[in-house]
Amino acid sequence: MKAVVALLLALLLPLAGCSQSREDVRDDYCAQVKEDGPDLIRISDEAGAEAFEQMLPTLEGLAEKSPQDLQDEWQVYLNALRGWRDALEKSGVEASDLAGGMPEDLGREDKRRIRGAATVLRSQQVSAASSGIEQHALDVCGTALL
């Protein structure tokens, strides 16, 4: 019996060392927020309508590092951004094409798709998720993010 317990401990102890504590996850996430935050703000200020496309890979990386208590917010936020990206791609337009309104030559289905994705982006749920992510960055990490 002692041999079985010893074997189990020998197998399980290395696994216990692989997981990060909540504090380590938070610290790693905050370090990434502090590194990525200024670039995200700069891109947002400079890139205009196309900013979200440039920001998406960085935001996805942050979401992967986020603490457990922020993962729902990140999922909601990123799903909305991906939905917007996908709607534009399927419709064959760039975000900048919409600056003056919906292109007249765009088909009904494409217009519906884009309006639907825009509605999701402006939804209370996405706004709350974005606010939660930003508030966490300010309160816990001490820096602006979005």
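Just to be sure, is Trp84 over 28 Å from Asp28 (Cα atoms) and within 14 Å of the chain's Cα centre (by Cα)?
On the way: over 28 Å from Asp28 (Cα atoms): yes; within 14 Å of the chain's Cα centre (by Cα): yes.
Answer is yes for this residue.
A count restricted to region 97-127 and to residues that are exposed (fewer than 15 other Cβ atoms within 10 Å of the Cβ), small (Gly, Ala, Ser), under 24 Å from Leu145 (Cβ atoms) and touching a residue at least 12 places away in the same chain (Cβ under 8 Å) stands at 1.
Could you check region 61-96 and list, in sequence order, the residues that are outside any helix (DSSP H, G or I) and either loosely packed, with under 12 Cβ neighbours inside 10 Å or small (Gly, Ala, Ser) (or both)? Correct list: Ser66, Gly92.
Here Ile133 fits the description: closer than 30 Å to Asp28 by Cβ and crowded, with 16+ Cβ neighbours inside 10 Å. In region 1-43, of all residues being modelled with pLDDT under 65 and β-branched (Val, Ile, Thr), the one that is nearest to Gln71 (Cα to Cα) corresponds to Val5. Residues in region 23-51 that are surrounded by fewer than 17 Cβ atoms within 10 Å (Cβ to Cβ) and of a type in the set (D, E, K, R): Glu23, Asp24, Asp27, Asp28, Lys34, Glu35, Asp39, Arg42, Asp45, Glu46, Glu50.
The values are calculated or read from the model by the stated rules, or taken from the named source; none is laboratory data. These numbers were taken from a predicted model, which means no experiment stands behind them. As a convention, Cβ positions derive from the backbone with ideal geometry for all residues, glycine included, and neighbour counts pool all protein chains shown.
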